[in-house]
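Participant: Sending over a structure as structure tokens; questions will come in a sec.
The values are calculated or read from the model by the stated rules, or taken from the named source; none is laboratory data. Note that the structure is a prediction, hence the values are computed from the model and not measured. Quick reminder, even Gly has a Cβ in these numbers, built from the backbone with ideal geometry, and neighbours come from all protein chains shown.
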Amino acid sequence: MEKNTVHHLIVQRKVVHSRQILLVMRLTIIMLLFALTQVQAKGYAQEVTLHASSISLKQTFLNIEQQTGYSFFYKNADIQGKELSSLNLTKQPLKAALTQILSQQGLAFVIKKKTIFVRREFKRPSQNEVVTPEVPQQTTLKGHVTDRAGVALNGVAILVKGTGKGAITDGAGNFPYSCKTPKRQF
């Protein structure tokens, strides 16, 4: 009987010991999972630090590319000549930094995977605002053609450069020409 009791105590200790080992293993797994998710979340939360004065938008994009590994995609015409007078960003999230930088320039952005697309910001009219498209107004240009002696010339063809359109002077050397864009050369 004594042998049976000793055996029972040994088995009971093994069961308790096994449960403790399983508990420790579970806690270890939970802590590892927690640590890995923190590392994963930290990897996607990009931060930008940039301090500069009188820096071009293009140079700003290059600095952000170096810090984050993201690439920029934009039209040169949209950023050409755009400069930031001063820029002070310290460990700022990427989206917040881009919003601060680009909103000053009338630009907007979209992030897709590891690419930042930059474009001009389009102002949308409010529901109460009526939008009328700009229609070029008709302009009439008038002129007077004379020779070197100041005598009016009749029947002279006045042509708009590069269009083949124009007008002919009357007997007094005068001509009218109607157009929508008066920025042409004669």
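Participant: Out of the residues in the stretch 78-112 that are among the polar types (S, T, N, Q) and surrounded by fewer than 12 Cβ atoms within 10 Å (Cβ to Cβ), which is farthest from Gln59 (Cα to Cα)?
Facilitator: The selected residue is Thr90.
Participant: When you scan the stretch 87-104, do you find a residue that is at pLDDT below 85, assigned to a helix (DSSP H, G or I) and closer than 25 Å to Phe122 by Cβ, even just one?
Facilitator: Yes.
Participant: Right, here's the next one. Just to be sure I understand, how many residues within the stretch 66-77 are assigned to a helix (DSSP H, G or I) and surrounded by 14 or more Cβ atoms within 10 Å (Cβ to Cβ)?
Facilitator: Looking only at that region, the number is 2.
Participant: Is it true that some residue in the stretch 120-130 is at pLDDT 85 or above, under 30 Å from Leu62 (Cα atoms) and within 38 Å of the chain's Cα centre (by Cα)?
Facilitator: yes
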